[in-house]
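The values are calculated or read from the model by the stated rules, or taken from the named source; none is laboratory data. This one's a predicted model, so the numbers in the text were calculated from it and none came from an experiment. Every residue, glycine among them, receives a Cβ derived from its backbone with ideal geometry; neighbour counts consider all protein chains shown. Heads up: the accessible areas ignore ligands, DNA and RNA and are worked out on the full protein's heavy atoms, side chains in. Shrake-Rupley method; radii C 1.70, N 1.55, O 1.52, S 1.80 Å.
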Amino acid sequence: MNEHFKPSSPRAPQLSASIQHHLKFTVGEPAESASLSHWRFALSYAIRDLIVAPWFESERRVLAEKRKRVYYLSMEFLIGRLLEDAVVNLGLEDETRLALEDVGLDYADVIGDEPDAALGNGGLGRLAACFLDSMSTLGIPAFGYGIRYNHGLFKQRFADGWQIEEAEDWLNQGHVWELRRTQAAIPIGFGGHVTAGEGDAHVWHPSETVLASAYDTPSPGWRGVWVNTLRLWSAHSTVVFDLEPFNRGDFLGAAKSNVLAETISRVLYPDDTTVEGKRLRLKQEFFFTAASLRDLVTRFLKHNDDLRALPDKVAIQLNDTHPAIAGPELIRILVDDHGVPFDDALDLARQTLHYTNHTLMPEALEKWPTDLMAEILPRHLQLIERIDAHHSGEVSAAGHTRSQAAAAVTDGVVQMGNLAFITASNVNGVSRLHTDLMRETVFAELNTLHPGRISSQTNGVTPRRWLRSCNTGLSALLTDSIGEGWETDLDRLNDLKPFADDAAFREKFDAAKRANKERLAAYLQAKTGHILDPDAMFDIQIKRIHEYKRQLMNVLEAAALWNEMRRDPDKDWPARVRIFGGKAAPGYEMAKLIIKLINDIRQVINADPETKGRLKIVYPPNYNVSMAEMLIPAANLSEQISTAGMEASGTGNMKFAMNGALTIGTLDGANVEMRDHIGAENIFIFGKTASDVERTRAEGYSPSAAIEASPRLKEVVEQIETGVFSPDDPARFHSLADNLRHHDWFMVAADFQAYYDEQRIVDAAWADQADWVRRAVLNTASMGWFSSDRTIRGYADEIWHTQSAL
């Protein structure tokens, strides 16, 4: 048992009895034949029992005290495993270990048996999960709303280095933590036609209707004092089973309505490179947004008579552009269902809705053809056009003019980012740099027309999950050194700074890192067969695979380093393990080709006896939250190398630094603020700034010239083109090399040499281990500001205007 955990045995017998009870009466399995999964289910039910009472009490207090509630709408909630999260938040680690030891089970084995909930993909979903944790910890009354995906994004495996997507099966065993709310089934319509009603109201006659069924998962805060709700919607047919075609032998036809309806909540981010894919994406976004809004309005009206009070009791936060249809849908509910005049409905919607923008990339600021919108959501297209006309009138009345760039509808396209801006009272960026760029680029004109509407709320991460739970060795050292309570007051990490110069403390800090590296090495050996040296630098990049995140630059630099090692084998090269993790979207061919290149270069480098022991590349498949919880505490170097101006914030950068990794990165997203807090001397910054990138493009960037100017990059590109890394198919990466030579929008060639040079500075820093550990301590000590608790306090005070119930 970890010495830090001092058994608090009085509650252990009660927990043990509850586990035994659920094993017998809920799971229905005798102890003598119970499997690990049976015990895990029994433990989960026992822990869930302890959450239900504070969950109900939290809801009772919200209603009794007439508190304002936040509704957080997100396409993703990357919550990972929930059992350990609940055990830690309730403060029951000791009791759980003891209860499991009583039946001969290991705590880590039982926790590890739980599958990750496949409800997200990357930083967007993990941010939503961190925010839920912080809202519960701070006692901010809240509901999270999303989709209960049957198969999530996909389960990734590699076949000869190529990404293969398989359906995720996380729900096969059932999901202990959710409770189905059968009374909360909401009909959601699509298509059809619209007829005029009285006043501003119209009647929408959908041609297709599906049911949104609610599944609630409790989200406990620290020590379980306050519990909020994550409500996920699952799509079902309004027809239980069509018996008529079944009786005439058309068995597939009998199930058709169910299959079509359930498709909506089957997969996260269906490939939208086809018309059918686009149609499904739009349906998904409307499905969960409409269900959520109708649900919250119904809840509001149960306890309030006047819809004009909606902004006083409700704050709706749109997590990126996916739920931007919320503006028209909320207005439709108010106008068509409750007879509110349009102008009043628009005003109420604006006071209630708030929009977080997470990207400046045009493809992520969704745009829907008006003919597709008319086909699927005819009433909403009417309302969008009226909202747009109303906004244009407001602008004119204020003595301004508005171009089509600031319109919600232009050239047969609905611009959802602009629509979200126009229908929200606050639009926030997620880092200081990102917010400035929003004002200067995608929303420049709207920012001029509505000064003050854009604000900044830099992202954060929950220290409960991303330090306390995933890094028990370091957590114990922190508590021993600065005392208890830092989990909810992360600014206390500042008290660590004097310890950076304490050799004895640094030795303990390094020992915690070493233990995490040994744990990761054992995990990766079991998962991939690779044997890792814990004395090597663990250099990690874990993100979804995208050209702007520049995994390509990382692996090109690894190949260039390999070339240098072969040319100068006698040099004292530091041992380094490059670890990649991440998935490419199924329809993103260039990203999938980059994965194949990483794996091909990995195969060549790892097989080279000349560089064996000094350079290794590892790419474990199916990166998820649980893998991140292994990788992040073990990292020595964190790769945050996106093209400057393209990463809105990042949260992986925060998690790594919080766990004592040094960062190599560009001045992008929250890296800028991290540098300010950590100190420029404790972070490795390279490459073009966002303004440099814009200027280089404007001046006529020539990637081929940049390649010629860097002999190391030129050599690697030629190796790729001639099949050094793909001898079975020398032409395999020609399209990738051609893109790099002639297009290179993401400035890989432009930043390559600066990146290579900075990596050699990293090598030199690594050689002085005492100073490296000192810098690592200062990274952890400087990360208090990057707690999601601080972020949520900012939202609560400045955007939602709500208060803690605690």
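Quick notes on this structure:
- Per-residue surface analysis assigns Glu681 an accessible area of about 120 Å², computed on protein heavy atoms at 1.4 Å probe radius.
- Label separation (Arg695 vs Glu375): 4.7 nm, computed from points 7 Å beyond Cα along the C-beta direction.
- For the chain, the spherically averaged projection of the C-alpha convex hull amounts to 36.5 nm².
- Counting protein heavy atoms only, the range 243-304 has 60 percent of its accessible area on carbon and sulfur, 1.4 angstrom probe.
- Proximal lysines to Lys508, defined as alpha-carbon separation beneath 25 angstrom and excluding residues fewer than eight positions away on the same chain: Lys6, Lys497, Lys517, Lys655
- Heavy-atom SASA rank of Thr722, Thr479, Thr352 (probe 1.4 Å, accessible area, largest first): Thr722, Thr479, Thr352
- Here is the size of the range 305-377 from its Cα atoms: Rg then Dmax, 13.9, 42 Å.
- Excluding same-chain neighbours fewer than eight residues apart, the lysines reachable from Lys66 by a Cα-Cα span under 23 Å are Lys302, Lys313.
- Cα gyration tensor shape for the range 600-732, rounded if a/c is under 1.5, else prolate or oblate: oblate
- FRET efficiency, His734 to Asp608 (Cβ-Cβ, R0 30 Å, nearest 0.05): 0.80
- Computed [θ] at 222 nm, deg cm²/dmol, the chain (DSSP H ≥ 4; -39,500 (n - 2.57); rounded to nearest 500): -14500 deg cm²/dmol
- Anisotropy class of the range 104-162 from Cα gyration tensor, a/c 1.5 cut: oblate
- Magnitude of the charge dipole for the chain, about its Cα centre and with charges confined to Cβ atoms of Lys, Arg (+1) and Asp, Glu (-1), is about 860 debye.
- Accessible surface for the range 158-203, divided over its residues, is 54 Å² per residue with a 1.4 Å probe.
- Charge dipole magnitude, Cβ of K and R +1, D and E -1 - the range 576-668, Cα centre, debye nearest 20: 260 debye
- For the range 426-474, accessible area per residue (1.4 Å probe, heavy atoms of protein chains only), Å²: 27 Å²
- Accessible surface computed residue by residue for the range 585-675, with neighbouring protein chains in place and a 1.4 Å probe, gives 21 Å² per residue.
- Dipole moment magnitude, nearest 20 debye, the range 220-337 about Cα centre, only Lys, Arg, Asp, Glu C-beta charged: 300 debye
- Alpha-carbon centroid distance for the pair the range 632-654 / the range 209-236, whole angstrom: 30 Å
- Calculated FRET value between His193 and Phe25, using beta carbons and R₀ = 60 Å, to 0.05: 0.70
- Heavy-atom accessible surface of the range 448-491: percent carbon and sulfur, 1.4 Å: 41 percent
- In the complete set of protein chains, residue-level accessible area for Ser702 is approximately 50 Å², probe 1.4 angstrom.
- For the range 1-157, the share of alpha carbon pairs falling in successive 5 Å distance bins from zero is 2, 8, 15, 17, 17, 16, 14, 9, 2, 0, 0 percent.
- Where labels lie 7 Å past Cα in the beta-carbon direction, separation of Asp768 and Asp436 in nm: 3.0 nm
- Split the accessible area of the range 604-683 by element, probe 1.4 Å, and carbon with sulfur accounts for 52%.
- Whole-percent pair-distance distribution, where bins are 5 Å wide, for the alpha carbons of the range 243-288: 5, 21, 22, 16, 12, 11, 10, 2
- Cut-off under 5 Å, modelled amide H: who pairs with Asn228 long-range: Ser219, Gly221
- Antiparallel %, DSSP beta bridges [both residues in the chain], to 5: 45 percent
- Rounded to 5, percent antiparallel among DSSP beta bridges of the range 548-704: 0 percent
- Of Ala521, Ala511, Asn494, farthest towards positive along the dipole that unit charges on Lys, Arg, Asp, Glu beta carbons give the range 488-529: Ala521
- Only one residue of Phe246, Val430, Leu637 has its Cα farthest out toward the positive end of the dipole of the chain, where Lys and Arg carry +1 and Asp and Glu -1 on Cβ, and that residue is Phe246.
- A simple spin-label model places the labels of Glu101 and Asp501 4.1 nm from each other, with each point 7 Å out along Cα-to-Cβ.
- 25 Å Cα-Cα reach of Lys283 towards lysines, excluding residues that sit fewer than 8 places from it in its own chain: Lys155, Lys256, Lys367, Lys583
- Projecting the Cα atoms of Leu138, Thr182, Asn304 onto the charge dipole of the chain (Cβ charges, centred on the Cα centre) puts Asn304 farthest toward the positive pole.
- In Å², nearest 10: area of Val110 left accessible to a 1.4 Å probe: 0 Å²
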